[in-house]
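A short worksheet on the structure shown next.
The values are calculated or read from the model by the stated rules, or taken from the named source; none is laboratory data. Given the structure is predicted, the values throughout are model-derived calculations rather than measurements. Using ideal geometry, Cβ is built from the backbone for each residue, glycine included, and neighbour counts are taken over all protein chains shown.
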Amino acid sequence: MTSIGTGYDLQNSVFSPDGRNFQVEYAVKAVENGGTCVGIRCKDGVVLAVEKIITSKLLKPGANKKIATVDRNVGIVSSGIIPDGRHFVSRARDEAASWRSTYKAPIPLAALAGRLGGYVQAYTLYSSVRPFGVTAIVGGWDSEGELGVDGQVGSGPSVGTGGKKPGAKAGGPALYMIEPSGSYWVSLLITRDGIHKTDKAHSKGYYGAATGKGRQTAKSELEKLDLASGNLSLEAGVKEAARIIYVAHEDSKDKEFELEMSWISSMDGPTKGRHQEVPKDMLEEAEKLAKKALEGEDEEETTAPEGETMEE
């Protein structure tokens, strides 16, 4: 990387003359060296998957988990510098616990993404710290049911401030990706009074997200799924996530890896709104189908079209 002048990458709080923060760009490079992570928002839940490169044959299978539970309904997977990812998860858990302590309910995904984005962005402002070397995918299910409040008295007003809008639907799957710069996706509405309100119809983040070394391949595969139509089921999402991780791993096929996956369903689904690991039998079936799909693609590539002959 070059810019006008020298020394603009020595401090985190200094912009180069052409408006670049090199420390943040270096952090993005660290993320690109990490294992591929994928998040898929399905019609009835969210799937998280990660390509966990095996760095030593002495490691116990299944150890060093890269997908973490933040709250009962929220999971996080990150790519990049592993200790940075653990610190990020610790902060996310603190934010979720703080919200529960104050509001006596699980933290909404949009609020959690906003708090974490602000926290990460603060590490790009001062010369005494460095940016986070991770990009994290945060997925979960905002409860669509009425949640009891500890010590709640009365039912509250039916209209006006604090009242409920009849027929309004809440909850559902949500997926966010927080980058080293602190950026994340959420939709805000600005009223005539200048008040910022979250657009509930469009505040669920991404339909699909990918980061890590194989992010470009994974993004291309995600775009083929037409996730915006909302037709992909959670079980199908598990199979697609496994296939995408295997396809993205083809560029590093000389390295062994473990596939780690988790999912969050609706209150009526298999996880009852909780973030859990994908069952072992389902994970093995998804891996088997992913390998079979890869073998089929390899056969198509090696088979020459009919009538084609080799000429010297």
Per the filter on the range 118-132, residues assigned to a helix (DSSP H, G or I) and not aromatic (F, W, Y) are G118, V120, Q121, A122
Considering residues that are aromatic (F, W, Y) and surrounded by fewer than 20 Cβ atoms within 10 Å (Cβ to Cβ), the number found within the range 63-102 is 1
G212 fails exactly one of (1) surrounded by fewer than 17 Cβ atoms within 10 Å (Cβ to Cβ); (2) at pLDDT 80 or above; (3) in contact with a Ser or Thr (Cβ under 6 Å, 6 or more places away or on another chain), namely (1)
- Message: So, P131, is that one over 29 Å from Q23 (Cβ atoms) and either buried (at least 22 other Cβ atoms within 10 Å of the Cβ) or touching a Cys at 6+ places or on another chain (Cβ under 8 Å) (or both) or not?
- Response: no
